[in-house]
Amino acid sequence: MSSPEPQTLAERQLCGLVNGLARQISDHVRVAATRLGLTAPQATALRELTDPMTMRELADRMSCEPSNATFVIDKLECLGLLERHPHPTDRRAKQLILTTEGTAVRERLIAVLSEDSPLRALTHDEKVTLHALLDRAVTHHP
């Protein structure tokens, strides 16, 4: 019986670490969302709504289909946390814009997410390096 190739073993181990981190982050978002009376997808949407954006842009940031994002956005709109406005340059699109209350909830969410973050053990420079490496792996994948 031959041992696995070093590259294969290293990639498998790296995938395991990335999956483990993704699980920890997902659990962390779910706990933070619950503390604020939100679902994890609602918290993810609020976290990603840094500026006015279209539903498609938000869905891309949430890593989901636009139809799934629509369901989340409908609920956030019912809660008074965001509004849909006409897009300034595309008549077919709407921009999602946080309300004053939505901005306040987003700020609380960011503060809660900062507490006990799964990335807390990393220095700022290590986070920058990790971001660059993950971005490179994601954007250069065929």
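Values quoted throughout were computed directly from the atomic coordinates according to the rules given, and no laboratory measurement underlies them. Remember, predicted model here, so these are calculated numbers, not experimental data. Cβ sites come from the backbone with ideal geometry, for glycine too, and all protein chains shown count toward neighbours.
Considering only the other residues whose Cβ falls under 14 Å of the Cβ of V112, what net charge follows from Lys and Arg at +1 and Asp and Glu at -1?
Working: positive: R30, R35, R47, R106, R108, R120; negative: D27, E107, E115, D116.
Residues close to V112 contribute a combined charge of +2.
About its Cα centre, how strong a charge dipole does the chain have in debye, to the nearest 20, once Lys and Arg get +1 and Asp and Glu get -1 at the Cβ? Walk me through the numbers on the way to the answer.
Working: 17 positive and 19 negative charges, 51 e Å.
The calculated dipole for the chain is roughly 240 debye.
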Sequence-distant residues sharing a close amide H with L82 (under 5 Å, placed H): E77, T99
Efficiency of FRET from Cβ geometry, T100 and V138, R₀ 41 Å, rounded to 0.05: 0.75
Gaussian network model of the chain, springs between alpha carbon atoms under 10 Å - residue of L58, L17, L98 with greatest fluctuation: L17
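What is the chain's relative contact order, in percent, from Cα pairs under 8 angstrom and six or more apart in sequence? Don't skip to the answer; put the middle values down first.
Details: 113 pairs, mean separation 30.0, N = 142.
Once normalised by length, the contact order is 21 percent.
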Per-residue ³J(HN,Hα) for region 23-30, Karplus 6.51 cos²θ - 1.76 cosθ + 1.60, θ = phi - 60°, Hz, x for Gly and Pro: 4, 4, 5, 4, 4, 4, 5, 4
Using θ = phi - 60° and Karplus 6.51 cos²θ - 1.76 cosθ + 1.60, couplings along region 125-132 (whole Hz; Gly, Pro as x): 5, 5, 5, 4, 5, 4, 4, 4
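Taking only DSSP H segments of four or more residues, each worth -39500 (n - 2.57), what value at 222 nm results for the chain once the sum is divided by all its residues, to the nearest 500 deg cm²/dmol?
Values: 6 runs with 91 residues, N = 142.
So the helix-based figure for the chain works out to -21000 deg cm²/dmol.
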Crossing angle, helix 66-78 versus the chain [Cα axis fit, 0-90 degrees, rounded to tens]: 50 degrees
Histogram of C-alpha separations across the chain, 5 Å bin width, %: 2, 9, 14, 18, 17, 14, 11, 7, 4, 2, 1, 1, 0
